[in-house]
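Peer 1: Sharing a structure here in structure tokens format.
Values quoted throughout were computed directly from the atomic coordinates according to the rules given, and no laboratory measurement underlies them. Everything numeric in this text was worked out from a predicted model, so none of it was measured. Ideal geometry is used to build each Cβ from the backbone, glycine not excepted, and the neighbour counts take in all protein chains shown.
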Amino acid sequence: MADYDPLFYEKLFNFIKYLDSFSLRNITEIVTYFLVALLIYHGYKKYGKKKIALFFLGGFLLTGVEENFMVIQGYFYLFGGPTYYYDYHSYLFWIGAIPIVVLCAWFLLTYSSFQIAEMVVSNESNKALLKKLLLAGWMGTSIDFVIDPIIIRRYGWIWLNAKENAVWFLQVPVTNFIGFFLLVASFNYYFTWYWEKYTCRHDTWSSIKTNGVYFILVLLPLLFVIGIIIICSILFTPLKGIDFSWWPWLN
Amino acid sequence: MKKLEKNSKFLPFVGYLGFFLMQVIIGLLLVSGSLPSVTIGLTDPPMYQPLTYIDLIILLAMNIPTFIIVAIAFKKIRDK
């Protein structure tokens, strides 16, 4: 049975865990950093440095907390046993139990999906924001359909849930995709709300206070997503143990 | 520099499609067997059913709606 790295806890707070050799996965990591830099440049040109910095750092905090919580609580068996972990040998730089490139990739998908959705949906259309959020959520998740089944077979991360405790798609828990969709949509909603409504109402506050509130409230989408995932897990109980690994019509 | 700024409106496509393409290339290398899975340091790595070309094609087909959205967005932003 697969298990956490033998030095999981000892190396948890190391920025660099192991540096075995430079491989293809490190090249893809560097390409991802480059793509993220391009998107930050785009955000800087379109929105200015404050808005893109808040978007990037807010997403960084949200996913950093969410992913670290999920991995570490699984390690300590806090809520029903092991969940998943990232291979300590596979990535260059880390924050806790999560590779920095994973947080950057999340920003890349969330930001670029919403930007593309904004181009498609006119601001004059009915329920424009909802349409943009749904489109962005779908676009982020549809890439995830390709990423997860491939990366787990390269052992970039490893799911440790017992088979009977989840519903699977190509050996990836289905709740992973639901969570991804909800995180992309809810973070984009939170950011739009914060930027367009909240800061206007509190423009007399000092910048430090309004920004501080932003970084605290950014955890609201996380609580929302965790709540929905728990509900989904309960609703999926009759289906648990099913794995859609092989396409039924090919058998 | 001005040309770069004018072209910056296309950067979300570069980011999104670049990342997508990278995953597809890794998937193709994995399915073709040119990319061995690295298991250094893993305690009893889990066994996975190998991906096939058909799996990959179906995964890509699931992205057809996304490609359509991207194409519409690209056309709109190019015409602006």
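Peer 1: Contour minus end-to-end for A:K240 and A:E164, with contour as 0.36 nm per residue of separation and end-to-end as the Cα-Cα distance?
Peer 2: Net length gain for the segment: 26.8 nm.
Peer 1: Return A:F15, B:F20 ranked ascending by Cβ neighbour count within 10 Å, so the fewest neighbours appear first.
Peer 2: Taking fewest neighbouring Cβ atoms as first place, the list is A:F15, B:F20.
Peer 1: Dipole of chain B, Cα-centred, from +1 at each Lys and Arg C-beta and -1 at each Asp and Glu C-beta, to the nearest 20 debye?
Peer 2: Computed about the Cα centre, the dipole is about 840 debye.
Peer 1: Also: Hull surface divided by four, with the convex hull built on the Cα atoms of the protein assembly as shown: how many nm²?
Peer 2: So the mean shadow area of the Cα hull is 19.1 nm².
Peer 1: If we sort A:123-129, B:9-15 on the protection proxy, mean other Cβ atoms within 10 Å, highest first, what's the order?
Peer 2: B:9-15, A:123-129
Peer 1: If you don't mind, there's one more thing I want to ask. Label 7 Å along Cα→Cβ of B:F67; region A:137-176 residues with amide nitrogen under 17 Å?
Peer 2: A:139-140, A:142-147
Peer 1: Output ³J(HN,Hα) for region A:216-233: one whole-Hz value per residue in order, computed from phi by the Karplus curve 6.51 cos²θ - 1.76 cosθ + 1.60 with θ = phi - 60°, and x for Gly and Pro.
Peer 2: Here the 3J(HN,Hα) series is 7, 6, 5, 7, 4, x, 5, 4, 4, 5, 4, x, 5, 5, 4, 4, 4, 4 Hz.
Peer 1: Antiparallel DSSP bridges in chain A: what percent, to the nearest 5?
Peer 2: Beta bridges within chain A, antiparallel portion: roughly 90 percent.
Peer 1: Picking from A:I16, A:G58, A:A128, whose Cα lies most toward the positive end of the charge dipole for region A:1-156 (charges on Cβ: Lys, Arg +1; Asp, Glu -1)?
Peer 2: Selected residue: A:A128.
Peer 1: Modelled label-to-label distance, B:I54 and A:V213, 7 Å Cα→beta-carbon offset: nm?
Peer 2: Distance between label points: 5.7 nm.
Peer 1: Return the calculated 222 nm mean residue ellipticity for the protein assembly as shown, to the nearest 500 deg cm²/dmol, obtained by summing -39500 (n - 2.57) across DSSP H runs with n ≥ 4 and dividing by the residue count.
Peer 2: Rounded to the nearest 500, the figure is -20500 deg cm²/dmol.
Peer 1: Once both axes come from the Cα atoms, what is the angle between helix A:128-153 and the longest principal axis of chain A, in degrees from 0 to 90, rounded to 10?
Peer 2: The helix A:128-153 is inclined about 30 degrees to chain A.
Peer 1: Now, a different point. So what J values fall out for region B:40-50 if you push phi through Karplus, 6.51 cos²θ - 1.76 cosθ + 1.60 with θ = phi - 60°, rounded to Hz, Gly and Pro as x?
Peer 2: With coefficients 6.51, -1.76 and 1.60, one gets 4, x, 8, 7, 6, x, x, 8, 10, 5, x Hz.
Peer 1: Let me ask something else about it. Please compute the net charge surrounding A:N26, taking Lys and Arg as +1 and Asp and Glu as -1 over other residues with Cβ under 14 Å from its Cβ.
Peer 2: Charge balance in the 14 Å sphere: 0.
Peer 1: Could you check which residue among A:F69, A:F187, A:F56 shows the biggest mean-square fluctuation in a GNM of chain A with a 10 Å Cα cutoff?
Peer 2: In this elastic network of chain A, the residue with the biggest mean-square fluctuation among A:F69, A:F187, A:F56 is A:F69.
Peer 1: Ok, one more. Note down the net charge around A:A117, summing +1 for each Lys or Arg and -1 for each Asp or Glu among other residues with Cβ under 11 Å from its Cβ.
Peer 2: +1
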